[in-house]
Amino acid sequence: MNSHLIAPSVLASNFLALETEIKMINESQADWIHLDIMDGRFVPNISFGLPVVQAISKVAKKLLDVHLMIVEPEKYLSAFHQAGAGAISVHIEACPHLHRTIQEIKQLGCKAGVAINPHTDVRLLFDILEDIDFVCMMSVNPGFGGQKFIYRTLEKIKVLKSEIISRNCNVLIEVDGGVGLQNIEVLLSTGADILVAGNSVFSSKDPMAEIAKMKQVSVNTFV
């Protein structure tokens, strides 16, 4: 049974044909649509904001997974929910009052996620596990697409998965950055549940077929 989710990252799509790209995802076997929001402050890049999310939501038939790579994300939670977000993740590094921010996301009716940078100790998430729906594990340094996968991420996934299982928490692990057919099997076997795929999907000759291949990868249990 292929229970893992695939979330193509719009950051890697052709922005000149955004409606076409979203419709392709709609027709594919993808589960979520991943939207990276960058402010040029928390990360050294600016991507897109509320108007683009709202425009995408008018076409999208899949859940919009909004990843806020911004400072003071708590100021914009309601606005992104209104723009169409079905899931919102905020960075642990950007939230001094993380529990309160998670509660606010939940109150909006969205799935609540916490994103964590490659250098951050995964054990810092342990105090929040009972309150969240998923962790967005950054496997590259956030800010730009097309980066190489950081393999230290595998150990972090194992540690987090063991804690989730030992505490019987209903928390999914999302992996974002450098994900493709070359490492999906090891990611799933390590404990990943949601795979964010950008360049590997949108730079392929047949994105729908690429998504189908990612969806078909089968692994029994995590090691």
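We did not get these values from a lab; they are worked out from the coordinates using the rules stated. Being a predicted model, the structure only gives us computed values, none of them experimental. Every residue, glycine among them, receives a Cβ derived from its backbone with ideal geometry; neighbour counts consider all protein chains shown.
Determine, for 134, 149, the number of other Cβ atoms within 10 Å of each Cβ, and report the residues in order from fewest to most.
Ordered from fewest to most neighbouring Cβ atoms within 10 Å, 134, 149 come out as 149, 134.
Please give, to one decimal in nm, the separation of the simple spin-label points placed at residue 123 and residue 16, each 7 Å out from Cα toward the Cβ.
Reported label-point gap for residue 123 and residue 16 is 5.1 nm.
Report the net charge of residues surrounding residue 105, where surrounding means a beta-carbon distance below 14 angstrom and charges are Lys +1, Arg +1, Asp -1, Glu -1.
Combined, the nearby Lys, Arg, Asp and Glu give -1.
Among all the lysines, which ones have a C-alpha under 28 Å from residue 156's C-alpha, if same-chain residues fewer than 8 places away are not counted?
Counting by Cα, and skipping residues close in sequence, residue 156 has these lysines nearby: 106, 111, 148, 213, 215.
Starting from the Kirkwood radius over alpha-carbon pairs of the range 1-98, derive D by Stokes-Einstein at 25 °C in a medium of 0.890 mPa s and give it in µm² s⁻¹.
Value of D from the Cα-based Kirkwood radius: 176 µm²/s.
Scan around residue 111 for amide H atoms under 5 Å from its own, H built in the peptide plane at 1.01 Å from N, and keep only partners 5 or more places away or cross-chain.
Here 87, 88 satisfy the definition.
For the range 51-173, I need the span (max minus min coordinate) of the C-alpha atoms along each principal axis, in Å, sorted largest to smallest.
38, 33, 28 Å, listed from the longest principal axis down.
How compact is the chain by the rule of thumb for globular proteins, expressed as Cα Rg over 2.2 N^0.38 Å?
Compared with the compact-globule rule of thumb, the chain sits at 0.93.
If you count the DSSP beta bridges with both ends in the range 5-214, what percent of them are antiparallel, to the nearest 5?
5
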